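A.B. asks: The structure's right below; bear with me while I get my questions together.
All of the numbers you see were taken from the coordinates with simple rules; none came from a lab. Keep in mind that this is a model prediction, so the values were computed, not measured. Here the Cβ positions follow ideal geometry from the backbone for every residue, glycine too, while neighbour counts run over all protein chains shown.
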Amino acid sequence: MITKNLSLQHVLRPSQLEGKAPLILMLHGYGSDENDLFSFASELSKDYLIVSAKAPQQMLPYGNAWYDINFDAQGGKFTNDEQAIASRELISTFIDEIVKEYHADADNVTLLGFSQGAILSYAVALSYPEKVNKVVALSGYIHSSIYKSGYEDNDFSNLKIYASHGNVDQVIPVEWARKNKPFLDELGINNQYSEFPVGHGVNPDNFREFKEWLAS
């Protein structure tokens, strides 16, 4: 299938289904690109339409980002929230475009994000739960200041979230990720959180677990 000119550059793997297909939208991490998470595609059910997006901000000498990060910031605040919110809205629009242009099932949309992509997956799903059914958030954390105002009042009854983190993650401290489940529990969101003995990455056990979760 030839990719279309939509709001975000992307690669895709078409579904084997003839009708509207369930969608997995992949959102890569800081400094990566659309080909990174797409390596998972061959291991996922062929029923899925898989789209892997490229973040809008180009980095030098290579890679892309959804928003700037200031690694020298004090107190753990290093996110450019304005850029993150703009990317949140861009991803929301992109979901609508995929549903229309690639005939995806609007009632079966999964966001699969890693690191910065996981942070934005939370942001999109909690801001627009009517557009997202499942989230696989790998090595990310809750950053509620980039969520749409009034998100707490949204209907999350059809949203399910799987989150995982490496317990020796050197990029995003595992302590940040451990706040995810209590936050989601408070909102009444069906969620699962797991840790694995890795750094900032996904090991085979982690991959196997979220694949089983997706199929459940």
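A.B. asks: Need the full-extension length gain, S149 to S194, defined as separation in residues times 0.36 nm minus the C-alpha distance. One decimal, nm.
C.D. replies: Here the answer is 13.3 nm.
A.B. asks: Evaluate the distance, in nm, between pseudo-label points positioned 7 Å from the Cα of N70 and of N35 along their respective Cα→Cβ axes.
C.D. replies: With each label placed 7 Å out from Cα toward Cβ, I get 3.4 nm.
A.B. asks: In addition: Scan the chain and note any complete DSSP helix (H) whose C-alpha atoms cover at least 15 Å along its axis and whose Kyte-Doolittle average is 1.0 or more.
C.D. replies: Counting only whole DSSP H runs, the qualifying helices are 116-127.
A.B. asks: For E82 and V168, compute 0.36 nm times the residue count separating them, minus their Cα-Cα distance, and round to one decimal in nm.
C.D. replies: Taking 0.36 nm per residue and subtracting the Cα distance, the gain is 28.0 nm.
A.B. asks: Something else about it: Give me the tail of P(r) for the stretch 1-130 as a percent: Cα-Cα pairs with distance above 17 Å.
C.D. replies: 56 percent
A.B. asks: I want to check a number: in the stretch 1-137, how many lysine pairs have alpha carbons closer than 25 Å, given a sequence separation of 8 or more or different chains?
C.D. replies: Here the count comes out as 21.
A.B. asks: Sorted by average packing, counted as other Cβ atoms within 10 angstrom per residue and highest first, what order do 155-165, 114-124, 26-36 take?
C.D. replies: In decreasing order of mean packing, 155-165, 114-124, 26-36 become 114-124, 26-36, 155-165.
A.B. asks: Which aspartates and glutamates, if any, have their Cα less than 13 Å from the Cα of K211, not counting same-chain residues under 8 positions apart?
C.D. replies: Leaving aside aspartates and glutamates fewer than 8 places away in the same chain, those within reach of K211 are E43.
A.B. asks: Please find the FRET efficiency linking Q58 to F183, where r is the Cβ-Cβ separation and R0 is fixed at 25 Å, and quote it to the nearest 0.05.
C.D. replies: E between Q58 and F183, to the nearest 0.05, is 0.20.
A.B. asks: Right, another one. Rounded to a whole number of µm²/s, how large is the Stokes-Einstein D of the stretch 139-216 at 25 °C and 0.890 mPa s, given Rh as the Kirkwood radius over C-alpha pairs?
C.D. replies: The calculation lands on 182 µm²/s.
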